[in-house]
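Report on the following structure.
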Amino acid sequence: QVQLVESGGGLVQAGGSLRLSCAPSGRTSSSNAMAWFRQASGKEREFVASGIWPNGFTYYADSLKGRFTISRDNAKNTVYLQMNSLKPEDTAVYFCASTLAGPWQIASSYKSWGQGTQVTVSS
């Protein structure tokens with residue numbers, strides 16, 4: 001399985017922005033579906049966004065539409081999660097994942113995962 005590496009997390013004030021990156025370590029990922037999930041302390045992992053490439057279909061958790069954007073740079077084989085207007089409730093460890101088949105919003109569909117990157121939003 002492909003090893004994924006996330007980066008870009010950190011501490012930001014409410015209302016600020018962060019961009020997370022996810023790239024495969026080692027061999028190139030052949031997965032056409034990439035996703036971001038997050039897990040807050042004491043809570044279950046939840047779906048954030050997914051993208052299906054090369055057709056570019058994207059899906060978002062309803063509560064995050066309009067604030068978060070998933071994108072992919074094919075030349076760099078990197079997937080991004082742009083997060084704007086961040087809120088304290090967005091604080092969580094964010095994971096990227098890849099798969100060849102859906103359902104795209106279900107964590108168990110994804111076969112490769114990164115180690116996660118911490119995002120902390122202060123009020």
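Could you count how many residues in the stretch 49-76 are under 20 Å from Gln3 (Cα atoms), touching a residue at least 24 places away in the same chain (Cβ under 8 Å) and under 14 Å from the mean Cα position of the chain (by Cα)?
6
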Which strands (runs of 3 or more DSSP E) does the stretch 33-106 wholly contain that include 2 or more residues that are in contact with a Cys (Cβ under 6 Å, 6 or more places away or on another chain) and open to solvent by 60 Å² or more (accessible area, probe 1.4 Å)?
none
Kindly provide the set of residues from the stretch 107-123 that are out of contact with any Leu (no Cβ under 7 Å at 6 or more places or on another chain) and outside any loop (DSSP other than H, G, I, E, B), ordered by number.
Ala107, Ser108, Ser109, Gln118
Taking the stretch 1-32 and keeping residues open to solvent by less than 30 Å² (accessible area, probe 1.4 Å), at pLDDT 95 or above and over 16 Å from Thr117 (Cα atoms) leaves Gly16
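The values are calculated or read from the model by the stated rules, or taken from the named source; none is laboratory data. All of these numbers come straight from a predicted model, not from anything done at the bench. Here the Cβ is made from the backbone with ideal geometry for all residues, glycine too, and neighbour counts use every protein chain on show. All accessible areas refer to the heavy atoms of the entire protein, side chains included, with ligands and DNA or RNA removed. Shrake-Rupley method; radii C 1.70, N 1.55, O 1.52, S 1.80 Å.
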